[in-house]
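*Asks:* Structure incoming, see below.
The values are calculated or read from the model by the stated rules, or taken from the named source; none is laboratory data. Only a predicted model underlies this, so the values are computations on that prediction, with no experimental measurement involved. Every residue, glycine among them, receives a Cβ derived from its backbone with ideal geometry; neighbour counts consider all protein chains shown.
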Amino acid sequence: MIKTCLQCKKEYKSRGKIRNKSGKYCSKLCMAEVQKTQSNWNKGKSWSKAQKEKLSKAHIGQKSWNKGTKGIMKANKTSIKKGDKRNVGRIVSEATRLKMSLLKKGKKQNYIRKPLSMETRMKMRISKLTNPPMVFKDTKIELKIEAELIKRGINYQKQTPLCKVSRVDFYLPEYHIVIQADGCYWHNCPIHGNGEIKDCTNKAKKQDEVLTFNGFNVYRFWEHEINKSVEECINKIKLII
């Protein structure tokens, strides 16, 4: 159906209603221009006493639209949503309670978490080692060791999982050597550690035992040793093929 736009006077093919304007305009832009010029019919209008009395009499005897609905909650999806604070303190009718209970049927209720078995913990640990959930950020001491390895032309790999027990800081594949850079605070250094973090020493010993048993030579350097002289730390490594 071809119509004429009331704003720009152009002919257009009607596509139905545009914002309940019955297709009187060719586009929303023309409709917006018309709305700019229009104003509310009662804007700036002053009412006389006779008109005010007439309006007040017209409302006499009429019931309020929300009369009798106070304290009754409508049973819809938004009102029964979990954590909805709008329903606090409201009285719910029996019919609404029945509807809410029917909607909750089949859903999982809060339960007490059972302790995980050792087998499950081991599987989770191995999965975390092989599939890390984050990108590792190099520490200052790791950057110093990396710079020294590059300087000497030694091939290395960073953050490599080995033997399903540890993700080592540096791995030299040509020599089967593992280099670990231990921070004095996080690994509880005997000189600078304050003993707040426990069991880190035993954990490191167990990892070293497994790696050594599988044919890897493990070298661990403390943070204060690397900061003092990273060259001396790398000199201690025996690069034997």
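*Asks:* Quick check on segment 173-191. Is at least one of its residues in contact with a Lys or Arg (Cβ under 9 Å, 6 or more places away or on another chain), in a helix (DSSP H, G or I), surrounded by 15 or more Cβ atoms within 10 Å (Cβ to Cβ) and in the same structural domain as residue 136 (by TED's automatic domain parsing)?
*Replies:* No, there is no match, as no residue in segment 173-191 is in contact with a Lys or Arg (Cβ under 9 Å, 6 or more places away or on another chain), in a helix (DSSP H, G or I), surrounded by 15 or more Cβ atoms within 10 Å (Cβ to Cβ) and in the same structural domain as residue 136 (by TED's automatic domain parsing).
*Asks:* Now, a different point. Could you grab me the full set of residues in segment 149-172 that are loosely packed, with under 14 Cβ neighbours inside 10 Å and either within 35 Å of the chain's Cα centre (by Cα) or part of a loop (DSSP other than H, G, I, E, B) (or both)?
*Replies:* Of everything in segment 149-172, those that are loosely packed, with under 14 Cβ neighbours inside 10 Å and either within 35 Å of the chain's Cα centre (by Cα) or part of a loop (DSSP other than H, G, I, E, B) (or both) turn out to be 153, 155, 157, 164.
*Asks:* Look at residue 54 and say whether it is surrounded by fewer than 11 Cβ atoms within 10 Å (Cβ to Cβ) and either on the phi < 0 side of the Ramachandran plot or at pLDDT 75 or above (or both).
*Replies:* It is false that residue 54 is surrounded by fewer than 11 Cβ atoms within 10 Å (Cβ to Cβ) and either on the phi < 0 side of the Ramachandran plot or at pLDDT 75 or above (or both).
*Asks:* Would you check which residues across segment 185-211 are in contact with a strand residue (DSSP E or B) (Cβ under 6 Å, 6 or more places away or on another chain) and more than 20 Å from residue 149 (Cβ to Cβ) and list them?
*Replies:* Passing the criteria: 189, 207, 208.
*Asks:* Could you tell me which numbered condition residue 231 fails, if it satisfies all but one of (1) in a loop (DSSP other than H, G, I, E, B); (2) more than 37 Å from the chain's Cα centre (by Cα)?
*Replies:* Here residue 231 meets the rest and fails (1).
*Asks:* While we're here: Being of a type in the set (Ser, Thr, Tyr) and under 20 Å from residue 226 (Cβ atoms) is the filter; apply it to segment 178-212 and report the residue that is modelled with the lowest pLDDT.
*Replies:* Looking at the filtered set, the residue picked out is 201.
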